Amino acid sequence: QVQLVESGGGLVQPGGSLRLSCAASGSISSRYVMGWYRQAPGKQRELVAIVTYESVTNYADSVKGRFTISRDNAKNTVYLQMNSLKHEDTAVYYCNAKDQWRGMDSWGKGTLVTVSS
């Protein structure tokens, strides 16, 4: 399993932008699909976006056109660029590494994003 550490969360006004980063302790090789999930207060954790080693991406409908996920395989880092943020984007954002060979998930501890005026 890889160790994941998220950074970049914080307080931002509606309409603003943030960029989250997720640094992996080891190589995020082609066996890993990387993703960002979020959990708002009182709600279940939900998928935000995923990216394959070949940079094929998929997004939740709620963030399409506003968020962009990317990965730098050489730096073992995954990013989430969040634009046009809304109040409802407020949540703890978690980085995930899904090992397709072993069927195992690794999670970071999360970073809090608060969208408020």
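The values are calculated or read from the model by the stated rules, or taken from the named source; none is laboratory data. Bear in mind the structure is a predicted one, so any value in this text is a computation, not a measurement. Note: accessible area is taken over every heavy atom of the protein model, side chains too, but ligands, DNA and RNA are not part of it. Shrake-Rupley method; radii C 1.70, N 1.55, O 1.52, S 1.80 Å.
Of note:
- In summary, PHE67 fulfils each of the numbered conditions (1) farther than 17 Å from ARG45 by Cα; (2) aromatic (Phe, Trp, Tyr); (3) open to solvent by 20 Å² or more (accessible area, probe 1.4 Å) with the single exception of condition (3).
- Residues in the range 53-64 that are open to solvent by 40 Å² or more (accessible area, probe 1.4 Å) and modelled with pLDDT of 95 or more: VAL56, THR57, ASN58, TYR59, ASP61, SER62, LYS64.
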